[in-house]
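Colleague: The structure is given below, and queries will be raised subsequently.
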Amino acid sequence: MLRKQKLVVIGNGMAGARLVEDILARGGADKFDVVMFGDEPYGNYNRILLSGVLSGTHDPQDIFINSLPWYEENNIKLHAGIRVSSIDRAGKTVYGSNGVSESYDKLVIATGSSPFVPPMDGLKNGDSLKDGVFVFRTLDDCDAITKYAEGGKRAAVIGGGLLGLEAARGLLNLGAEVHVVHLMGNLMDVQLDAQAGASLRRSMEAMGVSVHLNKATTGILGDDCVTGLQFKDGSTLDCDMVVISAGIRPNVQLAKDAGLTVERGIVVNDHLVSVDDADIFSVGECTQHNGMVYGLVAPLWEQTAVLADRLTGRKAAAAYKGSKISTKLKVMGLELAVMGAKEARDENDEVVVYAEPSRGIYKKLVVRNGQLAGAILLGDAATAPLLLQSFDRGTELPENRAEMLFSLSRTDDPMTFAYVPDTAQICNCNGVSKAQILSAVQAGHRSLKAVCDATRAGTGCGSCKSQVQGILELACEGQVETDPATHYYVPGVPLSKPELIAAIKEYQLKSVSAVFAVLAAGKEDPASKVGLASLLKTIWHEEYEDERDARFINDRVHANIQNDRTFSVVPRIYGGVTSSSELRRIADAADKYQARMIKITGGQRIDLLGIKKEDLPGIWRDLDMPSGHAYAKSFRTCKTCVGTEFCRYGVGDSTGLGIKIEKRFQGIESPHKMKLATTGCPRNCAEATIKDIGAVAIEGGRWEIYVGGAAGAHVRKADLLVTVDTHDEVLLYTGRFMQYYRENAKYLERTWSLVERISIEKLRRILVDDSEGICARLDQDIQAAVDAYRDPWQEAIEPVHPAQFVNTLGAVTLTQIQGLQPSYGD
């Protein structure tokens with residue numbers, strides 16, 4: 001039996017640990033005893049997901065690829081938290097900083113890179129960074145930034161590259177006021193052209209991030225802690241914390257000290273072996289091959305696969321020929337796919353551009369000799385799989401270039417993936433190929449979640465999930481198993497809505513934290529908090545224990561946040577009917593608090609825009625009107641026509657009915673917003689048949705009640721639920737349908753979806769014929785919700801906590817701030 005060789009890997013990051021995984025997958029455990037050194041006292045984690053940890057969307061434990069027990073289970077000796085201080089090439093031994101030494105037969109250097117910190121005055125106090133100055137590279141960095149940012153800070157991020165923008169995203173979610181300072185004239189200038197950079201800037205500013213371009217930072221102000229930045233042009237920026245993300249530099253000093261050839265990185269040949277020593281190899285960000293040093297993850301995976309093939313003998317002739325640069329990810333929550341050249345090389349190149357600035361969409365193709373030389377997709381990367389396939393394989397593009405820019409057919413059609421080579425990388429974050437996904441399916445993983453869990457595909461930024469789903473459907477020939485998680489009411493609690501409601505009632509769980517403690521093993525999921533808060537309020541009414549960190553910023557301050565971090569104030573105007581005294585108060589308040597716009601909404605109300613957060617209590621007091629709930633997932637407004645009171649065509653008092661509806665149901669929480677309308681005749685001037693609930697007056701003094709209408713991104717005529725004789729009956733069935741919707745809709749499901757899912761016929765049986773015997777209970781529960789209503793604008797008199805209206809942006813996730821931009825259609 002041949003003696004095992006000893007393989008020492010310096011570096012337990014994404015390249016070093018991936019190499020060891022690849023070696024084990026090729027039967028390398030029979031050939032090598034593996035020893036690893038890692039600077040950090042942890043197992044291996046996905047550095048790409050650090051921004052998720054910083055923003056709170058990922059728990060630190062969720063980003064670990066291999067925990068410490070994994071090394072022991074696979075007979076790998078890991079020196080965790082031990083940095084290698086020197087390499088004795090003659091003695092074939094490496095020495096750790098704690099005095100430990102390990103001999104080797106083969107040595108792999110995978111030391112990665114470190115943050116580049118440009119020279120600046122005032123950067124340090126002694127040998128340490130000044131209080132409030134951070135770099136963003138490790139889990140410990142995330143922890144330090146998170147703790148310092150607590151309570152809301154004015155944070156500056158130096159560096160507008162990918163990592164800097166991800167740091168900005170995290171800080172925004174932590175509640176900081178965020179400024180990105182970039183040396184160059186456009187963001188992500190390495191990957192994006194000027195037009196794409198400008199589009200990204202607009203999107204970021206709409207999210208609440210201030211962007212400062214062409215700014216060279218020369219100094220950090222403040223004696224003991226940060227107070228601001230000094231720029232080369234003489235200007236300054238006030239801030240109380242700084243995150244430096246100005247690029248990375250390969251960690252090559254260890255190799256230099258060992259006498260290896262180092263330029264920008266450790267110089268290797270096509271075998272990934274040092275040009276100076278046949279027993280020393282290098283992979284990852286510290287490696288230089290054919291003059292190139294790669295900072296993206298996909299080339300790292302290609303390098304580790306080649307080296308694993310060579311070391312194990314699986315493919316002894318394997319060679320690394322360099323990588324074609326492409327990536328697909330999310331930056332600031334926006335889809336981005338980049339590959340190859342970003343500009344034309346000469347006049348012979350064809351450039352195809354499509355831009356839609358209002359939606360943050362920018363697409364560009366660089367075509368050279370009929371083939372794709374480069375592409376940028378920002379804001380909409382649906383065709384990225386097709387482009388990446390064409391780019392990697394050098395295929396001829398169709399004459400109609402639009403086919404490559406737009407989804408003229410389903411890009412997630414399973415048959416689309418039949419022509420994708422098995423070697424194609426589907427998940428860039430975790431380096432998962434089509435072949436690995438197919439292998440997982442063949443092993444019995446036949447749902448999207450099961451495949452993602454088995455391969456890690458889709459567990460990074462998530463932008464590849466539609467492709468994973470397409471490959472899954474192809475491999476299963478359409479017989480895909482349903483993920484149990486699709487039936488969960490919120491992702492962080494593994495229960496369907498009926499099961500969740502039953503458990504909440506059984507255990508008397510009246511707060512979001514109590515639900516997590518009892519039903520989620522104490523693990524809090526930020527993405528689940530808002531849905532749980534809404535459900536708990538629906539169940540418990542005034543007994544609900546309100547934890548403000550479980551709400552959106554809009555719900556915490558009862559106003560709609562705008563793209564400049566001011567707020568929109570919409571008072572309740574019952575049925576769209578106001579008075580001269582109310583209008584005078586609105587006008588006076590608009591002047592006093594310097595509203596930047598006064599807008600008549602589609603819901604027959606008045607919106608005061610541009611109000612500062614600290615002014616919200618004052619303007620509410622001066623208006624002396626109830627909240628219009630234009631910011632909430634709740635009943636919003638009831639649009640009316642003048643009906644019989646003035647209209648010669650009116651056959652019903654729609655104005656009076658609309659006022660009754662608003663006064664009864666104002667502020668009722670629901671899975672999504674509810675817009676209502678009453679109209680005084682079938683001419684339908686108030687558009688009642690495209691509302692969540694609408695009442696239409698017909699001859700004979702009767703009213704038709706419609707449900708499930710929509711007129712936004714989805715347009716649908718409502719279905720007739722029942723015809724009644726009186727206002728009181730309209731109120732009865734309106735409340736009954738509301739309560740059924742509150743109890744049975746998925747979180748963020750609109751009424752039209754509920755109606756289509758359950759069917760109007762079944763809803764009539766349940767809500768009109770009482771086929772399930774629940775109508776009396778539904779009526780009782782909606783009455784309890786009505787009785788529990790309190791005007792939230794009364795918090796102007798008694799704030800929930802002293803900092804409720806302090807001028808710091810609350811803890812807003814990107815999904816929230818994008819999804820909650822107010823519709824001026826009310």
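Colleague: Could you work out how much longer the chain between R683 and A206 gets when fully extended? Use 0.36 nm per residue separation minus the Cα distance between them, nm to one decimal.
Modeller: 167.8 nm
Colleague: Using 0.36 nm per residue of separation minus the Cα-Cα distance, give me the extension gain between S358 and M184 in nm, one decimal.
Modeller: Gain on stretching S358 to M184: 60.3 nm.
Colleague: Let me ask something else. Using the heavy atoms of the protein chains alone and a 1.4 angstrom probe, what is the accessible area of the chain per residue in square angstrom?
Modeller: Using a 1.4 Å probe on heavy atoms only, each residue of the chain averages 42 Å².
Colleague: Now, a different point. On a 0 to 90° scale, report how tilted helix 654-665 is relative to the longest principal axis of the chain, with both axes built from alpha carbons and the result rounded to the nearest 10.
Modeller: The angle comes out at about 50 degrees.
Colleague: Let me ask you something else. Modelled label-to-label distance, S103 and Q61, 7 Å Cα→beta-carbon offset: nm?
Modeller: My value for the distance between the label points is 4.1 nm.
Colleague: A follow-up question, please. Under a straight-distance cross-link criterion of Cα-Cα below 12 Å, which aspartates and glutamates are reachable from K673, leaving out those fewer than 8 residues away in the same chain?
Modeller: Here the aspartates and glutamates satisfying the reach criterion relative to K673 are D692, E749, D826.
Colleague: OK, next. Mind listing the long-range amide H neighbours of C685? Cut-off is under 5 Å, sequence gap 5 or more, other chains count too, H placed in the peptide plane at 1.01 Å from N.
Modeller: Those lying under 5 Å, H to H, from C685 are G680.
Colleague: Moving on. How much accessible surface does M188 have with a 1.4 Å probe, in Å² rounded to 10?
Modeller: Its heavy atoms expose roughly 10 Å² to the probe.
Colleague: Follow-up. Rounded to the nearest 0.05, what FRET efficiency do R314 and H271 give with R0 = 22 Å and r taken as the Cβ-Cβ distance? Could you check?
Modeller: For R314 and H271, the calculated efficiency is 0.95.
Colleague: Helix 384-393 versus the longest principal axis of the chain: what angle, 0 to 90°, nearest 10, using Cα atoms?
Modeller: 20
Colleague: Also: Magnitude of the Cβ-charge dipole of the chain, K/R +1 and D/E -1, about the Cα centre, nearest 20 debye?
Modeller: Result for the chain is approximately 820 debye, rounded to the nearest 20.
Colleague: Related question: What spacing in nm lies between the two simple spin-label points modelled at K77 and T726, each 7 Å away from Cα in the Cβ direction?
Modeller: Distance between label points: 8.8 nm.
Colleague: Can you compute the helix-only [θ] at 222 nm over the chain? Use -39500 (n - 2.57) per DSSP H run of at least 4 residues, normalise by all residues, nearest 500 deg cm²/dmol.
Modeller: -9000 deg cm²/dmol
Colleague: Considering every Cα-Cα pair within region 258-366, what fraction, in whole percent, is farther apart than 15 Å?
Modeller: Taking all Cα-Cα pairs of region 258-366, the fraction more than 15 Å apart is 71 percent.
Colleague: Using only protein heavy atoms and a 1.4 Å probe, report how much of R201 is accessible, in Å² to the nearest 10.
Modeller: 80
Colleague: Further question on the same structure: Of K465/K746; K124/K330; K505/K762; K497/K762; K537/K746, which ones are farther than 23 Å apart at the Cα?
Modeller: Distance filter (> 23 Å) returns K124/K330; K505/K762.
Colleague: Which semi-axes, in whole Å and largest first, does the equivalent ellipsoid of region 57-156 have when worked out from the alpha carbon gyration tensor as the square roots of 5 times its eigenvalues?
Modeller: Whole-Å semi-axes of the equivalent ellipsoid: 33, 22, 11.
Colleague: Given points 7 Å out from each Cα along the Cα-Cβ axis, report the D257 to E499 separation in nanometres with one decimal.
Modeller: 5.5
Colleague: What does the charge add up to near Y747, with Lys and Arg as +1, Asp and Glu as -1, over the other residues with Cβ less than 9 Å from its Cβ?
Modeller: Residues near Y747 contribute +2 overall.
Colleague: Can you give me the convex hull volume of the Cα atoms of the chain, divided per residue and expressed in Å³?
Modeller: Taking only Cα atoms, the chain has a hull volume of 196 Å³ per residue.
Colleague: Place a point 7 Å from the Cα of L2 along the Cα-to-Cβ direction; which residues of region 281-323 have their backbone N under 13 Å from it?
Modeller: 310-316
Colleague: If you roll a 1.4 Å probe over the chain with all protein chains in place, what percent of the accessible area is carbon or sulfur?
Modeller: Taking all protein chains in place, the chain shows 49 percent carbon and sulfur surface.
Colleague: What FRET efficiency, computed as 1/(1 + (r/R0)^6) with R0 = 22 Å and r the Cβ-Cβ distance, is obtained for H487 and I758, rounded to the nearest 0.05?
Modeller: Numbers: r = 15 Å, r/R0 = 0.68.
Given R0 = 22 Å and the Cβ-Cβ separation, E is 0.90.
Colleague: Nearest 10 degrees is fine. How inclined is helix 727-744 to the longest principal axis of the chain, computing both from alpha carbons?
Modeller: The two axes meet at around 20 degrees.
Colleague: If r is the Cβ-Cβ distance from R584 to T146 and R0 is 45 Å, what FRET efficiency results, to the nearest 0.05?
Modeller: Working: r = 48 Å, r/R0 = 1.06.
So, using R0 = 45 Å, E works out to roughly 0.40.
The values are calculated or read from the model by the stated rules, or taken from the named source; none is laboratory data. Every value quoted in this text rests on a predicted model; they were computed, and no experiment measured them. All Cβ positions, even for glycine, are placed from backbone atoms using ideal geometry, and neighbour counts span all protein chains on display. Ligands, DNA and RNA are stripped out before the accessible areas are found, and what is left, the full protein with its side chains, is counted by its heavy atoms. Shrake-Rupley method; radii C 1.70, N 1.55, O 1.52, S 1.80 Å.
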